[in-house]
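In what follows, a single structure is set out as structure tokens and then discussed.
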């Protein structure tokens, strides 16, 4: 199975600060069809997860453009350009290139 | 608007089974995979498996192959997950999700206790 390793596990930020979260895969997530199926989710406390980014860098409808995704192969990054209070929660990467689908361990974003 | 409505909380005794439901409105489930994910108390997300409602094909994570059974009823646009031989370790919130995790149910809390 593909293992996704997220770092850091916890991130402390002030409002307005820019932060990045890394997601590294144990094998390439490039599918034979040319797509890379790596998504980013945010789970706020007590809520189901919310899709932020799909296919590495495509912003889900309604998601603020302070969120951006980048990367290829085995290394991926989620960047938040100017953290806002509503961004606090746990971020997960998830891959669907290889069955079984797998999640990263999560990165908790909290206020400093 | 796409909405996923999951069934209510379950309290199951060890060794028994529970069947959870996920009713979809605003989208035909035949057109997408339905995923099931769990989250144990204070822990991260864990992928259980997915079903293609159009043909019933399923894929499970290895550790859930003898634990979970996924089915779907396209006539009612509803997906189901049965959890068997419940143990205390199965206590968790269980989510359904579709369209590449773009839409999620609100989650169903399953508590296993004697």
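Only the coordinates and a few stated rules stand behind these numbers; no lab work does. All values reported here derive from a predicted model rather than from experimental measurement. Because the Cβ atoms are built from the backbone with ideal geometry, glycine has one as well, and the counts that use them run over all protein chains shown.
Distance between the C-alpha centres of segment B:26-53 and segment A:1-20: 24 Å, rounded to the whole angstrom.
Spin-label pair residue B:62-residue A:12: with each label point 7 Å from Cα along the Cα-Cβ axis, the two points sit 3.8 nm from one another. Neighbouring Cβ atoms from other chains, within 10 Å of the Cβ of residues in A:45-54, number 4 on average. In summary, the convex hull built on the alpha carbon positions of the protein assembly as shown has an orientation-averaged projected area of 12.3 nm². Peptide A:3-13 has a mean shielding of 0, counted as Cβ atoms of other protein chains within 10 Å of each residue's Cβ. Less than 17 Å from a label point 7 Å out along the Cα-to-Cβ axis of residue A:33: which backbone N atoms in segment B:83-114 qualify, by residue? Answer for this model: B:98-102.
Among B:91, A:5, a tally of other beta-carbon atoms within 10 Å of each Cβ gives an order, fewest to most, of A:5, B:91. For chain A, the relative contact order works out to 38 percent when only alpha carbon pairs closer than 8 Å and six or more residues apart are counted.
Averaged across B:98-104, how many Cβ atoms of other chains sit within 10 Å of each residue's Cβ atom?
6
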